[in-house]
Structures are given as C-alpha cells and as structure tokens.
Amino acid sequence: MLLVVATAAPVRAAEPPTARELVDRIKQHVQTTWDGKNTIDTFKAGDPDTRVTGIAVTFLATLDVLKRAAASGKNFVITHEPAFYSHYEHTNDIENDQVLAAKRAFIKEHNMVIWRFHDYWHAHHGDGVMIGMTEKLGWQKYLDAERPFIYKLPPTTVGKLASGLQKKLGARAVRVIGRPDMPVTTVALLPGAPNSRAHIRALEIPEIEVILVGEAPEWESLVYVQDAIAAGRKNAMILLGHTVSEEAGMEYCARWLRDFIKEVPVEFVPAGEPFWCPKQ
C-alpha cells in the first residue's frame, strides 16, 4: 500500500503594512472626530502605498532627522511640523532651490514617506502635545482640571522657574522677560506659536503671573509683557523656543503609537533645539 503523507503548505509571513494603512489606523485611534476637512495632516512626500519598515516620529522632519531615520531602517516619518519650510508646505516659489532638491532626492533615494500629524494630534483628547509636555515637566498634579493649560506650582521665582525649565527640557537658549526675583505660583503653558493674542488673553486671566511660550513676534506680545510690567503688574514671559516647547509631545506620540502598532518598530527621533548660545 502506498502511504501518502500530507505536508502543510509553508506559511508566508504577512507583508508589513503600508503607510496609508497605518495612517488609517491612527485615524481610528485618535480621540477626536476625524473629518479630514481643512487639515494639513496629509502625506507630504513619498508613495503612501509604500510598505513600512519602521516609523520615525519627530517634531520636525529635518534632513538630519531623515538621515538618522533611514540609517536605522525606518522609511515612514511622522512629523508634527512641516518638512518643506512653510506651514502649508507650498514650494512653488522655491522649486529650483538646491536645498529643497537635496532633501527631495534623499527622500526618493531611500524610498521614504512623510506624513504630517499636527491638527489632529492637538485635537486628540487633552491635546497630545500638552500631555507630553506636562509629563516631561512632571507637572501632572499641578494642572488645572478645568483649564488644562494652567498650572498651580509650589512657590518659586521667575529665575528659578526658568532655570528649572532649562534643565528639565535640556534647552540652551531660554529667554526671559521679567524680574528674576518675582514670586511665582501660577503659570500658563502656550507651546508652539499660537499667536500674540493668545498670549495676551492668557495674561488677562488675573491669577496667571507667567506665560511659558514657544515663540512670539518680538514686536507684539513681548511688548505687551514689557508694558504690563511697566504698568506695575506682576507678569513675566519665558520663551522656550518652538521645538523645546512641543518636542516632548511627539515623544509621547511615539509611545502612544506603540500601543496599537506592533508590526514595525516605532522610534522617537528628536529634531533637537536648533539654537546655541556663545560663551560669555
């Protein structure tokens, strides 16, 4: 009798997801309604149907960040801020620029895909950037539950607050307007670059003494703070820099993504503070 032994067909490993498939998954997990209207959260470079070898999450997709991502085998970059030099990433007026050409060439050579995650990460319940920054600072217990941008801190001074922020955030170029010895208990965190009116409205709240901001036009809210001090109000402003004021939010984003993306590695790649100060 001829004995026939059945053999199992070899199991093929599942192909890694595409960038488009992963973005669809993000849309399902982000804690806000994603209608996709009037948003900058779209693909900025590369083919969305590219198979993903790894995800690099960053605050800013600089060429240096792209190089580090590619060197570690990651071809899908999720960036909070623009890759191409303007908020809406319009490049019509610099199409012949050599720096732009070099960046595009690197992206193409390494089969990379860039996707922006800005509007809906801020809209994520609690604001993803604010959650990450609050955790980085260790200020969870000081947060005002009703106004989740205000913190009631243990008594300190403007100078000590600024020094502590510089140390915790690893910043090199923190700038301060106000008296260093001014007592402080209540601060408002306004990361990034909302606008000067947002800074002014925060300082109009009576209990807020200090606003911590990313950046601001120096002829607008900075002048308001100077005038407030000259008028006898106890106010101050600490400018952290745009990157320093938001980058921890994208570090948190990488941790959040790992909760539901398991097929490929997810790594936070810091853009880092661009400024340095000369020694005096």
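Just so it is clear, none of the values below were taken in a lab; they were calculated from the coordinates. Keep in mind the model is a prediction, meaning the values are calculated, not measured. Glycine also receives a Cβ, built like all others from the backbone with ideal geometry; neighbour counts cover every protein chain displayed.
You will find that of Asp127, Asp93, the residue that is surrounded by fewer than 16 Cβ atoms within 10 Å (Cβ to Cβ) and charged (D, E, K, R) is Asp93 and no other. Total residues in segment 253-272 satisfying the condition of being within 12 Å of the chain's Cα centre (by Cα) and not in a helix (DSSP H, G or I): the figure is 5. Tell me, yes or no, whether segment 224-239 has at least one residue that is surrounded by 18 or more Cβ atoms within 10 Å (Cβ to Cβ) and assigned to a loop (DSSP other than H, G, I, E, B). Yes, segment 224-239 has at least one match.
Would you confirm whether any residue within segment 197-213 is in a loop (DSSP other than H, G, I, E, B), touching an Asp or Glu at 6+ places or on another chain (Cβ under 8 Å), over 29 Å from Ala19 (Cα atoms) and of a type outside the set (Ser, Thr, Tyr)? No, there is no match, as no residue in segment 197-213 is in a loop (DSSP other than H, G, I, E, B), touching an Asp or Glu at 6+ places or on another chain (Cβ under 8 Å), over 29 Å from Ala19 (Cα atoms) and of a type outside the set (Ser, Thr, Tyr). Look at Gly178 and say whether it is surrounded by 14 or more Cβ atoms within 10 Å (Cβ to Cβ), among the small types (Gly, Ala, Ser) and over 17 Å from Tyr224 (Cα atoms). Against the criterion (surrounded by 14 or more Cβ atoms within 10 Å (Cβ to Cβ), among the small types (Gly, Ala, Ser) and over 17 Å from Tyr224 (Cα atoms)), Gly178 does not qualify. Does segment 244-252 contain any residue that is touching a strand residue (DSSP E or B) at 6+ places or on another chain (Cβ under 7 Å), assigned to a loop (DSSP other than H, G, I, E, B), touching a residue at least 60 places away in the same chain (Cβ under 8 Å) and surrounded by 18 or more Cβ atoms within 10 Å (Cβ to Cβ)? For segment 244-252, residues touching a strand residue (DSSP E or B) at 6+ places or on another chain (Cβ under 7 Å), assigned to a loop (DSSP other than H, G, I, E, B), touching a residue at least 60 places away in the same chain (Cβ under 8 Å) and surrounded by 18 or more Cβ atoms within 10 Å (Cβ to Cβ): absent.
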